[in-house]
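Computed from the coordinates by the stated procedures, all read-outs in this text should not be read as laboratory data. None of these values were measured; they are calculated from a predicted model. Methodologically, a virtual Cβ is constructed for each residue, glycine included, from the backbone with ideal geometry; neighbour enumeration extends over all protein chains shown.
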Amino acid sequence: MGQVIAAATEHGHDDGHHHHKETFVTKYIFSTDHKMIAKQYLITGLIMGAIGILMSVLMRMQIANPEQPNVIFEALLGKWAPGGVMDPNIYLALVTIHGTIMVFFVLTAGLSGTFSNFLIPLQIGARDMASGFLNMVSYWLFFLSSAIMISSLFVELGPAAAGWTIYPPLSAVAKAMPGSGMGMTLWLVSMAIFIASSLLGSLNYVVTVINMRTKGMSMTRLPLTIWAFFVTAIIGVVSFPVLFAAALLLIMDRSFGTSFFLSDIYIKGEVLAHQGGSPVLFEHLFWFLGHPEVYIVLLPALGITSEIIATNSRKPIFGYRAMVALF
Amino acid sequence: MTAFLIILIAALFVIALWQISKIVQLGKSPEASSADGEIANDADNDRQGKYMLYFVIAMYVMMIACFIGYQDFFLPDAASEHGAEYDSLLILTTVVIMIVQFLTQALLHWFSYKYRGKKGQKALFYADNDRLEFIWTAIPVVVLAGLILWGGLFSWNDIMDVDKHEDPLVVEVYAYQFGWKVRYSGVDNTLGDANVRFIEGSNILGIDPTDADGKDDMVATELHLPVNRPVVFNFRSQDVLHSAYMPHFRAQMNVVPGMVTKFSFTPTVTSEDYKSTEFMTEKVRKINEIRRQKSKELEASGDVALDPYEFEYYLLCNKICGASHYNMQMKIVVESEEDYNKWLETQTTFETTLANAEN
């Protein structure tokens, strides 16, 4: 496996040198080469993963010794751990941001972004992705949304803390908890950009697999890995826009006084004007993405393991057509 | 202990970094990696095959040890009528999953060991067998459909049907950041209309003062239920989403602002009887043993000792609702019809509350 990748990578570099001269910026930063973009996704995903892991360590330290002072909390969380005791709001914020980072930034973008970009052109015999430019935009939108998500950790009242499912009214009403102010706004902006990035990437994978296969590489000869990436991308294209809609409606409820998800709310001694909406609508919109999301996370891993086990046991895939049908 | 854990985490982090740095190795040419001993030989394959086997055995030992070691933390027997059905469904599903998991994981790891790489060994070319694939697709489909239909759907329809009871007690459970209130429907067994827009002064639940049904409603801070009488719960929330979770009765329902959600069950064991079950007395004894030791430490350092623990049914919030979500709970008391009626007489009706407020 490693040898194949190494050989292909070298081949790709040669191509580049023959055709045009690449500067440092076009080669390593604003690169349109699928292999470089895959590496960018990998590194960004790993950094986000490390941040997510650190958060889960903090959460478990709190659970192991609840409400006990801890020097590490004091050093890392500062004003959110007065005297070293973790504030309940920041615990919820850790739960929320950890969940968001792991589900979206690591398991969706980190996994599909890295492996789909790297392997699709190599395994179907294409020079590069269908649109190198869109691919680059997809990565940089992902980077931007990661940066916004991380920056939300540093706003005055803390990051979003309503759980990774951000159910309104908790996430919609700023008075309900400190994290539902600026932190939640940044969360929504970050996710909107993330979804744009994910859609550009997924469209690119779908188009590449359909149109750019080399001669003789029919759909029934595609490696299972590619089938998995292909189906994952289709699921992403179908389900992510619904989350985008939910996020937009939530932004409207929060900032422009609409009542899509809010009705009959009495909070901090006053009744809100919102009338006629339903939080259950948000739950449905969210889980229209949330359920397929488990397949977006699972399928690439299934495809990769099928191919690795088959290759290393020197055997063809058993029941290829049944596996494709399962995807 | 904490220091040890931190060192362990740091060590694992370094190992992870070192493993990641091996990616660089993949960039080397094939000749270079074979010279480094990067290509597996028979001895490597033999070792890795055995690791696979040891791994699966270790996993099963750990799993069984956890089941035995942590059985104190399992939920005790259900205290409601539908709870037994619910539990048997859970156990059935768990058993089916465990059998499949044992079989598939054992085979996966055993085959990895049995067919580990050997020089000169040829793999069998075997790409398709429609009959075999059909069998192992059809069996899970049938089993899953059975579990979902007979186990899941029918039980669901039965448990969620709140209109099936004759003469149920109608109770409203009201959630707010961060606590619960109960509203009893009084002699007419009908709850008065309510909306958060009526909240004013002592009318904390927003009961419509003009609705005659609401006059005899009673607001309480503890949920008292008579044993063996069906209860229909109407859930209402004042501010954000909450979830009313009554683990001992196997009941949970979302509490949604702007709408009324419903659930019903029949409590079958009184609080007193539940406390005196063997499981519970043993559990309480163990907890109090730990508390006694902790109290000694606390007293030695000049702190207040812990109170002994006593079991009660609780209603908990099970949906993140803000900073004090972790502490949002209400005591539930299940008692005999007589005790319940005696307790109910001590509660104030909404009419009296309003009259008192005017004076």
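Let me have the 222 nm mean residue ellipticity of chain B computed from DSSP H runs of 4+ only, each contributing -39500 (n - 2.57), with the sum over all residues rounded to the nearest 500. Estimated from H runs of four or more residues: -14500 deg cm²/dmol.
Normalised by the empirical 2.2 N^0.38 Å for globular proteins, what value does the Cα Rg of the protein assembly as shown take? Before the final figure, lay out each step's value.
Numbers: Rg = 29.8 Å, N = 686, 2.2 N^0.38 = 26.3 Å.
Relative to the rule-of-thumb radius for its length, the protein assembly as shown sits at 1.13.
Over chain B, what is the mean sequence separation of C-alpha contacts under 8 Å (at least six apart), divided by residue count, expressed as relative contact order in percent? Computed value for chain B: 17 percent relative contact order. Think of chain A as having a plus end and a minus end, set by charges on the Cβ of Lys, Arg, Asp and Glu; of A:Ala247, A:Met177, A:Gln40, A:Gln40 sits farthest toward the positive end of this dipole.
With N residues in chain B, what two-decimal value do you get for its Cα radius of gyration over 2.2 N^0.38 Å?
Numbers: Rg = 29.7 Å, N = 359, 2.2 N^0.38 = 20.6 Å.
Relative to the rule-of-thumb radius for its length, chain B sits at 1.44.
Of all complete DSSP H helices in chain B, those with a Cα span along the helix axis of 27 Å or greater and a mean Kyte-Doolittle hydropathy of 0.0 or more are B:2-21, B:42-69, B:83-114.
Say a paramagnetic label sat at a point 7 Å from the Cα of B:Lys294, along Cα to Cβ; which residues of region B:66-89 have their backbone N under 16 Å from it? Of the residues in region B:66-89, B:73 have backbone N under 16 Å from the label point off B:Lys294. The packing ranking of peptides B:210-220, A:105-115, highest mean first, is A:105-115, B:210-220, where packing means the average number of other beta carbon atoms within 10 angstrom of each residue.
Computed from the C-beta positions of B:Val95 and A:Leu54, the FRET efficiency with R₀ = 35 Å rounds to 0.35.
Rounded to the nearest 20, the Cβ-based charge dipole of chain B about its Cα centre (Lys and Arg +1, Asp and Glu -1) stands at 2480 debye.
Per residue of peptide B:315-325, the mean number of Cβ atoms on other chains within 10 Å of the residue Cβ is 5.
Please give the FRET efficiency for A:Leu144 paired with A:Ile308, using the beta carbon to beta carbon distance and R0 = 25 Å, rounded to the nearest 0.05. Show your work: numbers first, answer last.
Numbers: r = 33 Å, r/R0 = 1.32.
E between A:Leu144 and A:Ile308, to the nearest 0.05, is 0.15.
Scanning residues 5 or more positions from B:Val333 or on other chains, those with amide H under 5 Å from its amide H are B:Leu223, B:His224, B:Leu225, with H placed 1.01 Å from N in the peptide plane. Any idea what angle helix A:114-124 forms with the longest principal axis of chain A, computed on alpha-carbon atoms, 0 to 90 degrees, nearest 10? Relative to chain A, helix A:114-124 is tipped by roughly 20 degrees.
Which links in B:Lys283/B:Lys331; B:Lys181/B:Lys215; B:Lys215/B:Lys262; B:Lys181/B:Lys296; A:Lys79/B:Lys22 stretch past 29 Å when you go from one Cα to the other?
On the way: B:Lys283/B:Lys331 19 Å; B:Lys181/B:Lys215 17 Å; B:Lys215/B:Lys262 22 Å; B:Lys181/B:Lys296 37 Å; A:Lys79/B:Lys22 39 Å.
Too far apart for the 29 Å limit: B:Lys181/B:Lys296; A:Lys79/B:Lys22.
Each peptide among A:167-175, B:262-270 gets the average number of other Cβ atoms lying within 10 Å of its residues, and from highest to lowest they stand as A:167-175, B:262-270. Relative to the longest principal axis of the Cα atoms of chain A, helix A:224-255 runs at roughly 30 degrees.
Take the Cβ-Cβ distance between A:Val280 and B:Asn41 as r, set R0 to 45 Å, and report the resulting FRET efficiency rounded to the nearest 0.05.
0.15
In a reduced charge model with +1 at each Lys and Arg Cβ and -1 at each Asp and Glu Cβ, chain A shows a dipole moment near 860 debye about its Cα centre.
Counting pairwise Cα distances across region A:22-326, what percent come out greater than 29 angstrom?
Numbers: 20132 of 46360 pairs.
Result for the distance tail: 43 percent.
Which is farthest toward the positive dipole end of chain A among A:Thr258, A:Ala301, A:Ser313, measuring Cα position about the Cα centre, with Cβ charges +1 (Lys, Arg) and -1 (Asp, Glu)? Toward the positive end, the furthest listed residue is A:Ser313. Note on chain A: GNM, Cα springs under 10 Å; of A:Ala147, A:Ala176, A:Ala75, the largest mean-square fluctuation is that of A:Ala75. Relative to the globular-protein estimate of 2.2 N^0.38 Å, the Cα radius of gyration of region B:285-347 stands at 1.64. Extending 7 Å from Cα along the Cβ direction at B:Thr352 and again at A:Ile210 yields two label points whose distance is 7.3 nm.
Given a cut-off of under 8 Å on Cα pairs at least six residues apart, what relative contact order in percent is computed for chain A?
Working: 443 pairs, mean separation 52.7, N = 327.
The value is 16 percent.
Near B:Gly206, within a Cβ-to-Cβ distance under 10 Å, what is the net charge of the other residues, with Lys and Arg +1 and Asp and Glu -1? In short, -2. Taking the charge dipole of the protein assembly as shown about its Cα centre, with +1 at Lys and Arg Cβ atoms and -1 at Asp and Glu Cβ atoms, the residue from A:Phe24, B:Val284, A:Phe230 reaching farthest to the positive side is A:Phe24. When chain B is treated as a GNM with alpha-carbon contacts under 10 Å, the residue of B:Asn189, B:Asn228, B:Asn129 showing the greatest mean-square fluctuation is B:Asn129.
Shielding by partners for peptide A:264-272, expressed as the average number of C-beta atoms from other protein chains within 10 Å of each residue's C-beta, is 6. Here the protein assembly as shown is assigned +1 on the Cβ of each Lys and Arg and -1 on the Cβ of each Asp and Glu. Its dipole about the Cα centre then comes out at about 3900 debye. Taken along the Cα-to-beta-carbon direction at a fixed 7 Å, the label points for B:Ala3 and B:Phe111 span 5.0 nm.
Legend: mean number of C-beta atoms from other chains within 10 angstrom of residue C-beta atoms, peptide B:338-349, equals 0.
Between A:Lys315 and B:His165, the simple label model (points 7 Å from Cα in the Cβ direction) yields a spacing of 5.7 nm. What does the charge count around B:Thr348 come to, taking other residues whose C-beta lies under 11 Å from its C-beta (Lys +1, Arg +1, Asp -1, Glu -1)? Summing Lys/Arg as +1 and Asp/Glu as -1 gives -4.
Trypsin sites (Lys or Arg not before Pro), restricted to region B:96-137: which are DSSP loop and have at most 13 other Cβ atoms within 10 Å? Write out the running numbers ahead of the final one.
Details: sites: B:Lys114, B:Arg116, B:Lys118, B:Lys119, B:Lys122, B:Arg131; in loops: B:Arg116, B:Lys118, B:Lys119, B:Lys122.
Within region B:96-137, the qualifying trypsin sites (Lys or Arg not before Pro) (loop, at most 13 other Cβ atoms within 10 Å) are B:Lys118, B:Lys119, B:Lys122.
Based on C-alpha pairs under 8 angstrom that are at least 6 apart in sequence, region B:161-228 has a relative contact order of 29 percent.
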